[in-house]
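Peer 1: Below you will find the structure I want to go over with you.
The values are calculated or read from the model by the stated rules, or taken from the named source; none is laboratory data. Worth saying up front: this structure is predicted, and the values here are computed from it rather than measured. Here the Cβ positions follow ideal geometry from the backbone for every residue, glycine too, while neighbour counts run over all protein chains shown.
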Amino acid sequence: MCMKIVKSFYYAGTAISLLFGIWHFFVPYLYEWFLYIPNEYENLIVGIEYTNFFFSLLLSGLSILLIVLGRRFFAGNKDVFVFYGLLVFTWFCRAAITFVIPWPLEPIRWAAYGQQIAAFAVFIFLLIPFICQVSSNRKDSTK
């Protein structure tokens with residue numbers, strides 16, 4: 001596959017992953033996650049907020065690092081490859097769980113299907129450069 005396309009997929013996938021990470025900082029408030037949780041369950045609310053905050057921070061941070069280290073990824077740096085593999089695995093799990101445990105369709109049916117499509121698309125964007133780099137590393141090691 002043309003290296004320009006592979007690099008485009010790499011940077012598009014990591015950029016979209018970054019946007020998801022940033023967006024997730026605001027998700028609980030945009031979609032009023034806590035509206036139906038009674039006030040006496042404040043520990044649950046704080047736990048959800050903490051989990052979401054650190055998920056968002058890690059996804060955003062890992063995506064930024066991989067964008068910055070993109071050249072090293074394509075130069076065959078194994079450390080960057082491992083971190084990129086973690087991001088690919090994260091999105092694989094995200095895409096898989098939407099099929100294993102689908103998001104409830106009501107009251108926002110479009111969001112259920114949209115998040116399945118989005119998770120799968122980001123995973124594919126990230127998977128293609130990963131596979132290309134694996135095959136490139138194998139070719140280099142056999143020389």
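Peer 1: Filter region 108-143 down to the residues that are modelled with pLDDT under 70, surrounded by 11 or more Cβ atoms within 10 Å (Cβ to Cβ) and not hydrophobic (A, V, I, L, M, F, W, C) and list them by number.
Peer 2: Across region 108-143, the qualifying residue is only Arg109.
Peer 1: Checking the structure you have, find out if any residue of region 93-107 is at pLDDT below 85, in a loop (DSSP other than H, G, I, E, B), of a type in the set (A, V, I, L, M) and touching a helix residue (DSSP H, G or I) at 6+ places or on another chain (Cβ under 9 Å).
Peer 2: Within region 93-107, one or more residues are at pLDDT below 85, in a loop (DSSP other than H, G, I, E, B), of a type in the set (A, V, I, L, M) and touching a helix residue (DSSP H, G or I) at 6+ places or on another chain (Cβ under 9 Å).
Peer 1: Return the pair list, or none, for Cβ contacts closer than 6 Å from residues in region 62-75 that are modelled with pLDDT of 95 or more to residues that are among the polar types (S, T, N, Q), at least 6 apart or on different chains.
Peer 2: From region 62-75, the pairs are Ser63/Thr14; Ser63/Ser17; Leu66/Thr14; Ile67/Thr14.
Peer 1: For region 55-63, state whether one or more residues are part of a helix (DSSP H, G or I), hydroxyl-bearing (Ser, Thr, Tyr) and closer than 13 Å to Leu87 by Cβ.
Peer 2: Yes, because at least one residue in region 55-63 is part of a helix (DSSP H, G or I), hydroxyl-bearing (Ser, Thr, Tyr) and closer than 13 Å to Leu87 by Cβ.
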